[in-house]
Amino acid sequence: MKKRIFFLSISFVAVLSGVILGYQFRATSAGNNVVPLDREQELALEKKSLVEDLYEMRVEISDLSARLDQAGVGQREAEQALERELARIRRFAGLAPVSGPGVELVAQIHPEQDGPGTVQPPKDITDEHLLKIVNELNKAGSEAIAINGQRITPISEIRLAGSHINVNGTPISPPYHITAIGNASAIKSRLELKGGLVDILNEYGISVETQERNEVMIPAFAGELNFEYAKPLKEN
Amino acid sequence: MRFKSYYWSVVLVGLVLGVMLSVQFRITRDVQHNKAIQRAQELADQVEQMKKEHEVLQAQLLRMRGQLEGLSNESLSPQIKEEMELATIFAGLTKLTGSGVEVTLRDSNASQKFIDNPNAYLVHDEDILKVVNELKAAGAEAVAINGQRVIAATEISCNGPAIRINKKALAPPFVITAIGSPETMESALKMRGGVIDYLQFFGIQVSVKKLEQLTIPAYSGSIKSDYIIEADIDTEFNALNQS
């Protein structure tokens, strides 16, 4: 009897450890060769941006195909289609004035210089601060931006030159009025996120007031277009 | 003695049961874990699928833009033809070639040595923003970053080690190409106390190469205008003709 109990318990334990080992092995091998978990959030973000992108592309493709159809009808229609396309490209490049809903920002040194919450004594707003604001507006999907009436184009610089900041080679001075066309509430909430750009600039003694507007007007680039070095490369 | 061995085997079985339960518990958790992994896998497949679709649409978009541009060459109005060429170059919608510079930014080697803040030794969105801005100030006519054309609406955002430009995730090293005067751009970057000095302070490895000829690709994303209100084309054209 004593031997039997001993034998039974040993075999019982052996069976159990076998089962456990088996499960353990399966669980471990299942964990290999798959997407790591922390990638999930990244993927979700990527999917979101792709969905938006695909939507924008489809809109543009249907636009363009309408124009191409129109151009096929006749000479007069073709000219009209081209005028529309040219107007669209000029707006996109910053060569035509645009209007639409958006935001108006005023960036300036805090009026009350010794107010609480300033880590550093307020200095001037630098070109870097303005660059960051414009970049943040672009991250939020702005479609057109201007600083103190200077339209931001693909080759606009925002750079300290002497005692002024130049935009498009034109000196501008504070307070800086920045206007942007786009989803006003999305832009405003992105800027005013806790720990976001406005918070960071506040710590440097810079106040940024953002107002949502039903309509902002953004002027065209007023400079000259001359391409001295760049030549278009025609593909066949 | 007999009683004692019975007692011991019960203890043993109890212990084993406990271990088994805990293992079982862990396995159940693993299964849930697996569901999350499955979800991520599914998501990855979807993203992959969408990327393929994205490529197809991108090619279609570029082809259609090219067709319309081609039509403008046959246009009866020389004004439209000329305007169209200039506007597409300026907008970033054409591939360009010319002399210029190639600036390469690499993460610092020092990042391993200074564990306290390795972040300071990586190339950031700000660094790229500064270099691009400096190039524009030095008269760059077109700029691209790792093959992504810089347009008015180009954003540069930091996303972990990758940087997103025109919504595309790019990995280091970052190669910034610009068409313009190679000498002016180089000396602007290398000015004392300028951008390169600043970046090198953080150990970022910067190299500038002047090139006789380089090409810059066209912007290949969509032209987004969901919020811009289309003005009356006629009034816009009248304004254009007067200027």
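The values are calculated or read from the model by the stated rules, or taken from the named source; none is laboratory data. Computed from a predicted model, the values in this text were never measured in an experiment. Every residue, glycine as well, gets a Cβ built from its backbone with ideal geometry; the counts of neighbours run over all protein chains shown. Keep in mind that these areas ignore ligands, DNA and RNA; they rest on the heavy atoms of the full protein, side chains included. Shrake-Rupley method; radii C 1.70, N 1.55, O 1.52, S 1.80 Å.
Listing for the model above:
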quantity: Residues that are modelled with pLDDT of 65 or more and open to solvent by 70 Å² or more (accessible area, probe 1.4 Å), drawn from region A:25-50; calculated: A:Asp38, A:Arg39, A:Gln41, A:Glu42, A:Leu45, A:Lys48
quantity: Qualifying positions in region B:212-243 - at pLDDT 85 or above, open to solvent by 90 Å² or more (accessible area, probe 1.4 Å) and not polar (S, T, N, Q); calculated: B:Glu212
quantity: Subset of region A:218-227 [assigned to a loop (DSSP other than H, G, I, E, B) and either more than 7 Å from chain B (Cβ to nearest Cβ) or at pLDDT below 90 (or both)]; calculated: A:Pro219, A:Ala220, A:Phe221, A:Ala222, A:Gly223, A:Glu224, A:Leu225, A:Asn226
quantity: Selection count where residues are outside any helix (DSSP H, G or I), more than 23 Å from the chain's Cα centre (by Cα) and over 17 Å from B:Val132 (Cβ atoms), scope region B:186-208; calculated: 2
quantity: Pair list, Cβ < 9 Å and 6+ apart or interchain, from region A:59-81 residues that are among the hydroxyl-bearing types (Ser, Thr, Tyr) to residues that are modelled with pLDDT under 90 and surrounded by fewer than 16 Cβ atoms within 10 Å (Cβ to Cβ); calculated: none
quantity: Looking only at region B:147-169, and only at residues there that are open to solvent by less than 30 Å² (accessible area, probe 1.4 Å) and either part of a loop (DSSP other than H, G, I, E, B) or aromatic (Phe, Trp, Tyr) (or both), the one that is farthest from A:Ser156 (Cα to Cα); calculated: B:Asn166
quantity: Sole exception among (1) buried (at least 22 other Cβ atoms within 10 Å of the Cβ); (2) within 7 Å of chain B (Cβ to nearest Cβ) for A:Ile145, by number; calculated: (2)
quantity: Matching residues in region A:99-136 - criterion: being of a type in the set (Ser, Thr, Tyr) and either loosely packed, with under 12 Cβ neighbours inside 10 Å or modelled with pLDDT under 90 (or both); calculated: A:Thr118
quantity: A:Thr210 being open to solvent by less than 30 Å² (accessible area, probe 1.4 Å) and among the hydroxyl-bearing types (Ser, Thr, Tyr); calculated: yes
quantity: Residue match in region A:197-211 (condition: hydroxyl-bearing (Ser, Thr, Tyr), in a loop (DSSP other than H, G, I, E, B) and within 11 Å of another protein chain (Cβ to nearest Cβ)); calculated: no
